[in-house]
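Input: a single structure, listed below in structure tokens.
The values are calculated or read from the model by the stated rules, or taken from the named source; none is laboratory data. Nothing here was measured: the structure is a model prediction, and the numbers come from that model. Note: ideal-geometry Cβ built from the backbone for every residue, glycine included; neighbour counts use all protein chains shown. Note: accessible area is taken over every heavy atom of the protein model, side chains too, but ligands, DNA and RNA are not part of it. Shrake-Rupley method; radii C 1.70, N 1.55, O 1.52, S 1.80 Å.
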Amino acid sequence: IKEIYKGPQLCDKMKRNIATFQSHYVPFRGQPYKMTYADKLTLDIQEFTEFKFGPNVLTHVLPHFERPDIILCFDEDGKPVTSDIISKYAERKSHTGEIYSKEFVLSQVPAFADKIDKLTMVAVVVGGWNFFLRDTMKPTGLLRMKLEQLEMIGYKPVLIHFNQWNAASIQDKEELLVGKINAIIKTV
């Protein structure tokens, strides 16, 4: 991104400080402090995603948004290859302030560097109750902005509405999540 944008930029220390201040922690099972409803929902969806598609990454792709997203990567045949890119994201407790664009992440993997355009990066965005206009499926401006920015940096966002997820049976959850992800993979 530094190569594209030529205007004023923050130094690395400032980027790390802002990312630390803006980003919510990345939840994990067994954490020593109490989990919020949003944490439990995110981990539930992450575990379900891992069960259906294999390893994934729960991280802040965009450090200026509070909540982390679930990241998956698929090759041109629709096969999950996320395990090959997991190490390219920051550790759970630290954040460099980098924006993890598709190009930034995949260019660091020699096997993927030549075929970045053939790979699909999916960001599963968990929308809690504060991310939608009351009693609607319409996202608030902040969530819409996050979805648009994810697309700008090369990800295909999949939005999961908290009410849809909570009201669904296991089979409906599978149809919801797998259906949305498969629709993205097949259209690319």
Near pairs, Cβ below 9 angstrom, 6+ apart or cross-chain, from region 103-119 (in contact (Cβ under 8 Å) with a residue 40 or more places away in the chain and under 13 Å from residue 76 (Cβ atoms)) to any residue that is in a helix (DSSP H, G or I) and open to solvent by 30 Å² or more (accessible area, probe 1.4 Å): 119/102
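Would you mind stating whether residue 118 is open to solvent by 70 Å² or more (accessible area, probe 1.4 Å), touching a strand residue (DSSP E or B) at 6+ places or on another chain (Cβ under 6 Å) and of a type in the set (Lys, Arg)? Can you show your working first?
Working: open to solvent by 70 Å² or more (accessible area, probe 1.4 Å): yes; touching a strand residue (DSSP E or B) at 6+ places or on another chain (Cβ under 6 Å): no; of a type in the set (Lys, Arg): yes.
Considered against the rule, which asks whether it is open to solvent by 70 Å² or more (accessible area, probe 1.4 Å), touching a strand residue (DSSP E or B) at 6+ places or on another chain (Cβ under 6 Å) and of a type in the set (Lys, Arg), residue 118 comes out as no.
Mind checking whether some residue in region 108-126 is of a type in the set (Gly, Ala, Ser) and at pLDDT 95 or above?
At the first step, the residues of region 108-126 found to be of a type in the set (Gly, Ala, Ser) are 111, 113, 123.
From what is left, the residues that are at pLDDT 95 or above are 123.
Yes, because at least one residue in region 108-126 is of a type in the set (Gly, Ala, Ser) and at pLDDT 95 or above.
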Top-ranked residue in region 82-100 [being surrounded by 20 or more Cβ atoms within 10 Å (Cβ to Cβ) and either modelled with pLDDT of 85 or more or more than 14 Å from residue 58 (Cα to Cα) (or both); ranked as farthest from the chain's Cα centre (by Cα)]: 97
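Looking at 48, 65 in this structure, which one is aromatic (Phe, Trp, Tyr), open to solvent by less than 80 Å² (accessible area, probe 1.4 Å) and more than 29 Å from residue 171 (Cβ to Cβ)? Steps first, please.
On the way: 48 fails: more than 29 Å from residue 171 (Cβ to Cβ).
Result of the check over 48, 65: 65.
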Any hit, region 147-154, residues being in a loop (DSSP other than H, G, I, E, B), modelled with pLDDT under 90 and either open to solvent by less than 70 Å² (accessible area, probe 1.4 Å) or of a type in the set (Lys, Arg) (or both): no
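Would you say residue 171 is open to solvent by less than 80 Å² (accessible area, probe 1.4 Å), more than 13 Å from the chain's Cα centre (by Cα) and free of Cβ contacts under 8 Å to residues at least 40 places away in the same chain? Give the steps one after another, and end with the answer.
Values: open to solvent by less than 80 Å² (accessible area, probe 1.4 Å): no; more than 13 Å from the chain's Cα centre (by Cα): yes; free of Cβ contacts under 8 Å to residues at least 40 places away in the same chain: yes.
The answer is no for residue 171.
Just give me the residues in region 68-81 being surrounded by fewer than 17 Cβ atoms within 10 Å (Cβ to Cβ) and either without any contact (Cβ under 8 Å) to a residue 24 or more places away in the chain or β-branched (Val, Ile, Thr) (or both), in sequence order. Reasoning before the result, please.
Start the filter on region 68-81 by keeping residues that are surrounded by fewer than 17 Cβ atoms within 10 Å (Cβ to Cβ), which leaves 75-79.
If the condition is that a residue be surrounded by fewer than 17 Cβ atoms within 10 Å (Cβ to Cβ) and either without any contact (Cβ under 8 Å) to a residue 24 or more places away in the chain or β-branched (Val, Ile, Thr) (or both), then 77, 79 are the ones that fit.
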The one condition in (1) within 30 Å of residue 169 (Cβ to Cβ); (2) of a type in the set (Phe, Trp, Tyr); (3) touching a strand residue (DSSP E or B) at 6+ places or on another chain (Cβ under 9 Å) that residue 37 fails to fulfil: (3)
